[in-house]
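Asker: Structure incoming, see below.
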Number of protein chains: 2
Amino acid sequence: MRIDVKKCAALLKEQDNILILTHAHPDGDTLGCGFGLCHALLKMGKKARVINADEIPKKYGYLYEDMPVYDFKEDFIVAVDVATENLLGPIADLYSGRIDLCIDHHGTNTEFAENLLLEKTAAACETVYKVICELGVETDKRIADCLYTGLSTDTGCFRYASATAETYRIAAELMDCGADNGRINRIMFETKTKTYAKLERLAIESMQLYCRDRVAVITVTQKMYEESGSNEQETEALAPLTRQVEGVEIGITIREKPDGTCKASFRTFEKVNAAELAKCFNGGGHPQASACRLNCSVDEARKMLVEKCGEFLK
Amino acid sequence: MRIDVKKCAALLKEQDNILILTHAHPDGDTLGCGFGLCHALLKMGKKARVINADEIPKKYGYLYEDMPVYDFKEDFIVAVDVATENLLGPIADLYSGRIDLCIDHHGTNTEFAENLLLEKTAAACETVYKVICELGVETDKRIADCLYTGLSTDTGCFRYASATAETYRIAAELMDCGADNGRINRIMFETKTKTYAKLERLAIESMQLYCRDRVAVITVTQKMYEESGSNEQETEALAPLTRQVEGVEIGITIREKPDGTCKASFRTFEKVNAAELAKCFNGGGHPQASACRLNCSVDEARKMLVEKCGEFLK
């Protein structure tokens, strides 16, 4: 059932022992939503905790430092920034069909939860902020840091067209509440580990242009992880690089998995719908940023993807 | 004399035939201030025009397309985002001692103008926005695009610690007035010309670390401009790259001039005051971003600068 912010807050007020699920291969928005909401529920005296199928990258440590960890049997399950159950990753089977509430901003949400609060905002954290306000919880510095992180990371630091005046206004309110915008953005956007800096150089060198230079493809192989000392966790920042070259309309990043199959990320400008493109390969996402998994080698993937891009650009 | 926004607007209301000066080697903030204010004055029925000592990079074309160009003898001279007269470049001599009003945000402003409106905001465009509101001019899309450009470019797209909640709020208001944030940020931050992409690769390859990896130096030589087909106008985006490597506290970009002398840009984090550092070499700027000119070769400059950095890091 589709619900609004008011109803969502009312639902949460009634509940206790709340388990919050975030999507696999977690990013700043899902973690910001999860830990932001968790802080708020704990402040209300409820028991709550956040789980994720994958290891949470170290840089997000400030989202949950000092957060008490409660052990309890969950009475209510919330998914945040999760468009489909399978995006929960390996833990999807455990919770499939049992999710009471989903707070999300993906137009592609499959309505898998009993209650869905869906607003097509730039970041799901915008909606979680409204829910927390409606809950009557004061947004303290910890909550503000969490939610600001989601806003900033899902908009490329307020860069993408998806960021609205409302996004900026909520960011300002979070900064009033103590969000450390300078530090958060430095961690998320300014700091390259030495291993990532090496990987980035290799990735940029791998860039090839297709379709009269309208498609750019970066490939990240297992060999490149070895050579740079980097790993898949550090590849998030590579995808935006693909569409930065003048004239490129579709940017593709193909990452090789240890088993030789791969994952592709798409970045586009307004003319091409990245979600539609990913859908052709059973993936999904946003109009300008999407992804899919491919059961084939990097070379086969590139050939197949470039061909499909050619059709989209016609 | 120091004045406030109200007094500044009152002064401008009384005047006509207004010449607006922007700083040499222009950036988005000085041009955003200049053209934003010019649009507003023209809407009031006044004659006004913006001049700059250097050629304005093409990407800023949208700031003044369709702006009528009036020829008149100036009765009132305004400098925007200009900390010292010599930053006007080759035209400084023409106007020295004759500047009636300066609207600026640099703590290092030398109070060279008859009237100075100085607010230590993230971007001078924040103050120009307040002046335009005080003038009673409605901020239309053209004005909003100009001012948003200044806000965004001077904060690294709202990334730096210098951006305040007020900066975000003004950005939101400008977006309400029609500022095309997606397009502007794409032009300013997402689009690399092919020549710049080549130059950037060469610049990153030139990066060397000093002082136990706490200082990173990039050098851009005339040979690199030749090899890449790029030029000095495209080097603005290089400086922020220097401080992105984990552990680096001072990032330096040294650009070789055609005559073999050079210009250095500094980027730092809170611990080191970049303006103080630049001051040692007769330069200036902001606490985290500054620059100076050096009458020596790139190699001599690097040696001298790294030595001074060593002292600053003690």
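Read-outs: derived from the displayed coordinates by stated rules, not from any lab. Keep in mind that this is a model prediction, so the values were computed, not measured. Glycine gets a Cβ as well: all are built from the backbone with ideal geometry, and neighbour counts include every protein chain shown.
Asker: What net charge is computed for the residues neighbouring residue B:144, neighbours being all others with C-beta under 9 Å from the C-beta of residue B:144, Lys and Arg scored +1, Asp and Glu -1?
Answerer: Around residue B:144, the charge tally is -3.
Asker: Once amide H atoms are placed 1.01 Å from N in the peptide plane, what residues at a sequence separation of 5 or more from residue A:116, or on another chain, have their amide H within under 5 Å of its amide H?
Answerer: A:2, A:3, A:102
Asker: Still on this model: What average count of beta carbons from other chains do you get within 10 Å of the Cβ of residues in B:188-197?
Answerer: Across the residues of B:188-197, the mean count of other-chain Cβ atoms within 10 Å is 5.
Asker: Shape verdict for the stretch A:152-304, please, from the Cα gyration tensor: rounded (a/c under 1.5), prolate (a/b greater than b/c) or oblate.
Answerer: oblate
Asker: What shape does the stretch B:77-140 take by its C-alpha gyration tensor, where a ≥ b ≥ c are the square roots of the eigenvalues and a/c under 1.5 counts as rounded, a/b above b/c as prolate, and the rest as oblate?
Answerer: Prolate.
Asker: Rounded to two decimals, what is Rg over Rh for the protein assembly as shown when you use alpha-carbon atoms and the Kirkwood radius?
Answerer: 0.98
Asker: Going 7 Å from Cα along the Cα-Cβ axis for the label, what nanometre distances separate residue A:67 from the same residue across the other copies?
Answerer: Sorted ascending, the copy-to-copy spacings read 4.8 nm.
Asker: Setting aside same-chain residues fewer than 8 positions from residue B:47, which lysines have a Cα under 17 Å from its Cα?
Answerer: The qualifying lysines are B:13, B:73.
Asker: OK, next. Could you rank the peptides A:162-174, B:179-191 by their average count of other C-beta atoms within 10 Å per residue, with the highest value first?
Answerer: A:162-174, B:179-191
Asker: Just flag the trypsin sites (Lys or Arg not before Pro) in the stretch A:245-304 sitting in loop per DSSP whose Cβ has no more than 16 other Cβ atoms within 10 Å.
Answerer: Here the trypsin sites (Lys or Arg not before Pro) that fit, given the DSSP loop and packing criteria, are A:271.
Asker: Next question, about the same structure. Given A:314/B:141; A:58/A:198; A:7/A:46; B:59/B:120, which pairs have Cα atoms separated by over 30 Å?
Answerer: A:314/B:141
Asker: Quantify how strongly other chains surround peptide B:169-177 by giving the mean number of their Cβ atoms within 10 Å of each of its Cβ atoms.
Answerer: The mean count of partner-chain Cβ atoms within 10 Å per residue comes to 5.
Asker: Taking H as built 1.01 Å from N, whose amide H comes closer than 5 Å to the amide H of residue B:54, not counting residues under 5 places away?
Answerer: Result for residue B:54 returns B:25.
Asker: Report the net charge of residues surrounding residue A:313, where surrounding means a beta-carbon distance below 9 angstrom and charges are Lys +1, Arg +1, Asp -1, Glu -1.
Answerer: +2
Asker: I need the inter-copy label distances for residue B:141: point set 7 Å along Cα to C-beta, values in nm with one decimal, smallest first.
Answerer: Spacings between copies for this position, smallest first, are 4.3 nm.
Asker: Can you work out the PRE-style zone for residue B:233? Point 7 Å along Cα to Cβ, and I want the residues of the stretch B:56-95 with backbone N under 13 Å.
Answerer: Only B:56-62 pass the distance filter.
Asker: Just for the stretch A:203-308, what percent of DSSP beta bridges are antiparallel, to the closest 5?
Answerer: So the antiparallel bridges amount to about 75 percent of the total.
Asker: Something else: Quote the charge dipole size of the stretch B:1-87 about the Cα centre in Debye, to the nearest 20; the model charges only the Cβ of Lys and Arg (+1) and of Asp and Glu (-1).
Answerer: Around 340 debye, computed over the stretch B:1-87.
Asker: Could you list which residues have their amide H under 5 Å from that of residue B:164, counting only those 5 or more apart in sequence or on another chain, with H placed in the peptide plane?
Answerer: Under 5 Å from the amide H of residue B:164 lie the amide H atoms of B:122, each far enough along the sequence or on another chain.
Asker: Also, quick follow-up: Based on the mean of other beta carbon atoms within 10 Å per residue, what is the order of B:118-131, A:126-139, A:61-74, most packed first?
Answerer: B:118-131, A:126-139, A:61-74
Asker: I've got another one for you. I'd like the distance between the alpha-carbon centres of the stretch B:160-231 and the stretch A:239-314, rounded to an integer number of Å.
Answerer: So the separation of the two Cα centres works out to 25 Å.
Asker: Just round it to a whole percent: the fraction of Cα-Cα distances in the stretch A:41-125 exceeding 21 Å.
Answerer: Tail of P(r) above 21 Å: 37 percent of Cα pairs.
Asker: Looking at the protein assembly as shown, send over the antiparallel percent of its DSSP beta bridges, to the nearest 5.
Answerer: Counting only bridges with both partners in the protein assembly as shown, antiparallel ones make up about 45 percent.
Asker: If we sort A:219-227, B:48-56, A:147-155 on the protection proxy, mean other Cβ atoms within 10 Å, highest first, what's the order?
Answerer: Packing proxy ranking, top to bottom: A:147-155, B:48-56, A:219-227.
Asker: Now for a separate question. Lys and Arg at +1, Asp and Glu at -1: add these up for the other residues within a Cβ distance under 12 Å of residue A:46 and post the number.
Answerer: Around residue A:46, the surrounding residues sum to 0.
Asker: Let me make sure I get this right: for chain A, a, b and c are the square roots of the gyration tensor eigenvalues over alpha carbons, sorted descending. Under 1.5 in a/c it's rounded, otherwise prolate if a/b > b/c, else oblate. Which is it?
Answerer: In terms of gyration-tensor shape, prolate.
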